[in-house]
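Some notes on the structure that comes next.
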Amino acid sequence: MIPMDDDMESGALRSYQDKPRTFPSMRSKPHTPRIIRLLMGINVRVLLILLLLVFGGVFYIGAKTSPVIVFVFSVCIISFLLSIHLTKWVLSKDEGPPEMVQISDAIRDGAEGFLRTQYGTISKMAVLLALVILSIYLFRTPSPQQEASGLGRSASAFITVAAFLLGALCSGIAGYVGMWVSVRANVRVSSAARRSAREALQIAVRAGGFSALVVVGMAVIGISILYATFYVWLDVDSPGSMKVTELPLLLVGYGFGASFVALFAQLGGGIYTKAADVGADLVGKVEQGIPEDDPRNPAVIADLVGDNVGDCAARGADLFESIAAEIISAMILGGTMAQRCKIEDPSGFILFPLVVHSFDLVVSSVGILSIRGTRESGLKASIEDPMAILQKGYSVSIVLAVLAFAASTRWMLYTEQAPSAWLNFALCGLVGIMTAYVFVWITKYYTDYKHEPVRTLALSSTTGHGTNIIAGVSLGLESTALPVLVISVSIVSAFWLGQSSGLLDEAGNPTGGLFGTAVATMGMLSTAGYILTMDMFGPIADNAGGIVEMSQQPESVREITDLLDAVGNTTKATTKGFAIGSAALASFLLFSAYMDEVSSFARESFKEVDIAIPEVFVGGLLGSMLIFLFSAWACSAVGRTAQEVVAEVRRQFIERPGIMDYTEKPDYGRCVAIVASASLKEMIKPGALAIVSPIAIGLIFRILGHYTGHPLLGAKVVAAFLMFATVSGILMALFLNTAGGAWDNAKKYIETGAFGGKGSESHKAAVTGDTVGDPFKDTAGPSLHVLIKMLATITLVMAPVFL
């Protein structure tokens, strides 16, 4: 429990309006990570020399690998320098009056304290899992390619474990970076809102842009360094050593490590943020009738902390994992296709994903910088729709991405064997870019209160809580149709374009279909930097609104932050829809890579899965069941934690009646402690289910197959498990994310004055819908698309276990 000030304990209190508003510190230890403190203690010249040596070593191994790797390194480092510039620009803005700073400090202390504890727990689990992977790889049978290259069991085991730990570390850093900037930008956005909506928008976008550039840049440079290190260390492509087309398979552990951390970060952060949000809304808004983020609500600081650990830190790790999984799967498929087609220099097809995401950093940077401030101030500057401004920046990024993608395909994918193949692959990329744009538009249509679906949902609130829930569920179910049609068209179109590219294997069969789908996935993620910027904008704007409300700023300032917050809800929903689409395509690629890996180890063809075999069909059922059980456990974790918060908030209102008239102060720290402790405990069960299920099912059916004379039964059952889990997971995630986002914005629409406005019966019904949707859109939904990709990577890493 956080101790209160002496004058509070003695009861010598004045009104909040009469005295400086102070907020408790959540800090128990120095919040700066130990490694940062160590670096800060080093002499500047020594640190500069160390950095030059590191960069020199990186460029040396890059130059020994390929000029393309040097290009990728250069773009990433330039993007890091730009992110530093954006950070300095954001931090140069004023933090506003002292009460704003005190609230921001309390949020920052709570967020950094939770993340430090959460990452400590995740790191212990990662080390344990790394030991399990090491044990399995030390005793598994090597593949024919590994035998031919002389790569022994121990070398393969340690390479996979090192890649896994590096992926986990980089994913953790990506998450921390997302949180680090958001807890410093929120108060600056609040302060800027006192002057201009456009200035507040620009600060929030540039703060999100810093995080986005670091996350994408780390994903690209991390894989590039790993690839170049293995290339030089293993002496790839020299006589008697590994072929370059086989090298990408050594990177799978990196993707698994990134997925592992992203899943637990999303689960823990999602449980934290939504348990606090639900508890704060149910007691504060519905029972006590006080506004959102009112300083009298004991759960308000926990709610604002949750925005940072759930929406910023978790989403940073999530997108890092998405990019890493897509790059690695595309590199594997590019190498496999180049090998089958006997392409003389296959490095272009392998390194193409790294080049695409290097250009992603460039085009996203231009989009971020295209959003500028204005000289107008106050509400006059808020006339222009913030969503329209963000869409203009996205349109700039999309146009540049199309041009950059065409140039990348001509540079990297031109081959004499099929001179026009690059054009087909460029069209595949265009399919992916169009898919991303349509996905963003569809999600915006179903979640923005300017469109009919959310307004109809808000109208249903006028007849009660039950009709609001029914309308929200039906909206979420309906919203799955268009995205699935778009995904289906994009997969088939990209496959057909790749198949007709003119690339043929030794038998004369077309082989570019799967790689065409991989290129479409790259196209979809070719503006990932700007997409993550829009996603980070949401929680920063939400936090800014909370700080404005808690510090009791004028209503005109709150109107600006409410506008930004509503737009932020839509951008968060659209980026989740985008993430689901990319997860669907990436999982399809990883599924194909899994089948190739099984073929390699089994030394026989494994190209299709027959679900008419009873055991295989059962594997599919188990995969679908996992999605529903995982979602149930994630939502119930939020519910249980929220019950504790509700009980605590009610207790404080009863025991401290002076809270409502500002003569007593709430104990914010108690609610922070409750959600922090509960979320760390609750994230373990669903996370463990996701990791253990595919391994256990594969082993059980492998043993069954051994005794029934079907040696590939375990691999086939796992393939069906993965296939059904992917399909069910995509549909479930679309439903959960869209329904939750629509419920939230239906509430926001009523709060603008529609159907009775704040405090009305329709508003109370909308709040109920919003609380039901909270675990949908911020816990179970986002965790599902991470789960889908993690299942694909874990089955790929563990493929030999199932044989």
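The values are calculated or read from the model by the stated rules, or taken from the named source; none is laboratory data. It should be emphasised that the depicted structure is a prediction, and the values quoted were computed from it without experimental measurement. No Cβ is skipped: glycine too gets one built from the backbone with ideal geometry, and neighbour counts run over all protein chains shown. The protein model used for the area step is the full one, side chains on, heavy atoms only, and it has no ligands, DNA or RNA in it. Shrake-Rupley method; radii C 1.70, N 1.55, O 1.52, S 1.80 Å.
Yes or no: ALA481 over 30 Å from GLU416 (Cβ atoms), among the hydrophobic types (A, V, I, L, M, F, W, C) and surrounded by 15 or more Cβ atoms within 10 Å (Cβ to Cβ)? When the stated conditions are applied, ALA481 does not pass them. Selection of helices (runs of 4 or more DSSP H) fully inside segment 251-366 by the criterion of at least 2 residues being out of contact with any Pro (no Cβ under 6 Å at 6 or more places or on another chain), open to solvent by 10 Å² or more (accessible area, probe 1.4 Å) and at pLDDT 90 or above returns nothing. From the set of residues in segment 198-229 that are more than 26 Å from the chain's Cα centre (by Cα) and modelled with pLDDT of 90 or more, which is least open to solvent (accessible area, probe 1.4 Å)? My answer is ALA228. Residues that are at pLDDT below 90 and in contact with an Asp or Glu (Cβ under 6 Å, 6 or more places away or on another chain) do occur in segment 132-147.
Residues of segment 614-653 that are touching a residue at least 12 places away in the same chain (Cβ under 8 Å), of a type in the set (Gly, Ala, Ser) and farther than 19 Å from THR795 by Cβ: SER631, ALA634, ALA637, GLY639, ALA642. Looking at segment 572-581, can you tell me whether even one residue there is over 14 Å from ALA528 (Cα atoms), part of a helix (DSSP H, G or I) and touching a Leu at 6+ places or on another chain (Cβ under 7 Å)? No, every residue in segment 572-581 fails to be over 14 Å from ALA528 (Cα atoms), part of a helix (DSSP H, G or I) and touching a Leu at 6+ places or on another chain (Cβ under 7 Å). Restricting attention to segment 516-523, does a residue exist that is open to solvent by 30 Å² or more (accessible area, probe 1.4 Å) and of a type in the set (A, V, I, L, M, F, W, C)? Taking every residue of segment 516-523 in turn, none turns out to be open to solvent by 30 Å² or more (accessible area, probe 1.4 Å) and of a type in the set (A, V, I, L, M, F, W, C). Scanning segment 149-195 for residues that are in contact with a Lys or Arg (Cβ under 8 Å, 6 or more places away or on another chain) and free of Cβ contacts under 8 Å to residues at least 60 places away in the same chain returns a single hit, ARG153.
Only one of the numbered conditions (1) at pLDDT 90 or above; (2) open to solvent by 10 Å² or more (accessible area, probe 1.4 Å) is not met by TRP180, and that is (1).
A quick yes/no check of all residues on (1) at pLDDT below 85; (2) closer than 30 Å to GLY217 by Cβ; (3) out of contact with any Cys (no Cβ under 6 Å at 6 or more places or on another chain):
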| residue | (1), (2), (3) |
| --- | --- |
| GLY516 | no, yes, no |
| LEU525 | no, yes, yes |
| GLY529 | no, yes, yes |
| GLY568 | yes, yes, yes |
| THR571 | yes, yes, yes |
| ALA579 | yes, yes, yes |
| ASP596 | yes, yes, yes |
